[in-house]
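Q: Below is one structure. I have some questions about it.
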Ligand code: 5GP
């Protein structure tokens, strides 16, 4: 009987260990969105109260993600978004992390949503200030628009092959992106979101362990903004 109990505990331990390996957080998925595509869709966009953002990708968020592609959400109800903790970053956030949904806001509702839903799940690694700072640092160091422009891919309403967009980002960053498209008012596929992965420290790009399936036509528009 004792022997049976011991071996069953051993099996349980093995199972727990196995689950821990499979579901280890690999790091983060990092999303950028193209404001032009949000504004060139059927649903209207609204400029933030801070004014029209520069012609550049905006940050969507940094999402802690498991190796199987799923992600935890809303991890700590006791850690609300606190603007006073990131007051030194507010100006930069308004430029690099604008919200373009309607009605117009000062964008802090979007930052609150991303912190509460995603940021709180990696709080042991990145506290609130570090989370927003990591997002900004990544955006500046990756310079997605510059990488695309270097390959002659411009936000000018022209159509580019999906392969050339993916190739330009891979060549410029060293890592394979996932490209997501939305539809413009005439149902043309257009570049909407670019998805890259970073390590657990939130600072270094890595190859995504799983590439989520996102829909795009083989030729996509890059709308102006
Ligand atoms: P998530 O995809 O991170 O769970 O949530 C994104 C949510 O943020 C959307 O449901 C949307 O309501 C809100 N949001 C506010 N501003 C923006 C914006 O400019 N772009 C995107 N993609 N979402 C925004």
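The values are calculated or read from the model by the stated rules, or taken from the named source; none is laboratory data. Since the structure is predicted, the reported quantities are computational estimates derived from the model, not experimental observations. Ideal geometry is used to build each Cβ from the backbone, glycine not excepted, and the neighbour counts take in all protein chains shown.
Table: residues versus (1) within 27 Å of residue 94 (Cα to Cα); (2) out of contact with any strand residue (DSSP E or B) (no Cβ under 9 Å at 6 or more places or on another chain).
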position: 133; (1), (2): yes, yes
position: 138; (1), (2): yes, no
position: 174; (1), (2): no, no
position: 178; (1), (2): yes, no
position: 186; (1), (2): no, yes
position: 194; (1), (2): yes, no
position: 198; (1), (2): yes, no
position: 203; (1), (2): yes, yes
position: 221; (1), (2): yes, no
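Q: For region 105-118, state whether one or more residues are within 16 Å of the ligand (Cβ to nearest atom), assigned to a helix (DSSP H, G or I) and at pLDDT below 95.
A: Checking region 105-118: not a single residue is within 16 Å of the ligand (Cβ to nearest atom), assigned to a helix (DSSP H, G or I) and at pLDDT below 95.
Q: Related question: So the check is Cβ under 9 Å with 6+ separation or different chains; which pairs have a first residue in region 41-70 that's on the phi > 0 side of the Ramachandran plot and a second one that's more than 12 Å from the ligand (Cβ to nearest atom) and part of a loop (DSSP other than H, G, I, E, B)?
A: 69/208; 69/209; 69/210; 69/211; 69/212
Q: Still on this structure, please answer the following. Of the residues that sit in region 119-129 and are surrounded by 17 or more Cβ atoms within 10 Å (Cβ to Cβ) and part of a helix (DSSP H, G or I), which one is nearest to the ligand (Cβ to nearest atom)?
A: 119
Q: Here's another thing I want to ask about it. Kindly provide the set of residues from region 177-211 that are over 30 Å from residue 127 (Cβ atoms) and loosely packed, with under 15 Cβ neighbours inside 10 Å, ordered by number.
A: Listed by number, the residues that qualify are 185, 186, 187.
Q: Within region 13-22, does at least one residue satisfy the condition of being away from the ligand (no atom under 13 Å from the Cβ), at pLDDT 80 or above and loosely packed, with under 12 Cβ neighbours inside 10 Å?
A: Among the residues of region 13-22, not one is away from the ligand (no atom under 13 Å from the Cβ), at pLDDT 80 or above and loosely packed, with under 12 Cβ neighbours inside 10 Å, which makes the answer no.
Q: Can you tell me how many residues within region 47-96 are more than 15 Å from the ligand (Cβ to nearest atom), farther than 30 Å from residue 156 by Cα and either more than 18 Å from the chain's Cα centre (by Cα) or outside any loop (DSSP other than H, G, I, E, B) (or both)?
A: 14
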